[in-house]
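Here is the structure we will look at.
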Amino acid sequence: MSEKENDSVGRKPDFIAYSVRDTRDGKGDWNKVGAAWGHRDGQGIDLQLDATPVDGRVTLRELRDERMNSYEDERQAETSERSSERKEGRGRAR
């Protein structure tokens, strides 16, 4: 996909996507599952999910800078982990 087709490339997300499960204490269990970017014309949102909630419910919350740093760090770590796992898997005898 070219950058023209996806304006969100290289931009910080406007929203963080969460899966929220109700808990007994009423607070809810919030898990990050992706991010969303508003269209420049204000007429829509692109949503990228790294995981799909079992119940299908996604909650979008506006991004706060301190949360963004944490989200970017987690994404980078997950990407590095997956890359390492793939490399290790190639070296194994079958």
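Each reported figure results from applying straightforward, stated rules to the coordinates on display, with no laboratory input. Not measured: the values here are computed from a predicted model. All Cβ positions, glycine included, derive from the backbone under ideal geometry; neighbour counts span all protein chains shown.
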Placed amide H near Asp14: partners under 5 Å, 5+ positions off or other chain
Ala36, Trp37, Gly38
In whole Å, what are the Cα extents of region 15-91 along the three principal axes, biggest one first?
44, 41, 25
With unit charges on the beta carbon (Lys/Arg positive, Asp/Glu negative), name the residue among Thr52, Gly34, Ala77 whose Cα is farthest towards the positive pole of the charge dipole of region 15-91.
Thr52
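Lys and Arg at +1, Asp and Glu at -1: add these up for the other residues within a Cβ distance under 15 Å of Asp29 and post the number. Could the numbers behind the result be given before it?
Working: positive: Arg21, Arg24, Lys27, Lys32, Arg57, Arg61; negative: Asp22, Asp25, Asp55.
Every neighbour counted, the sum reads +3.
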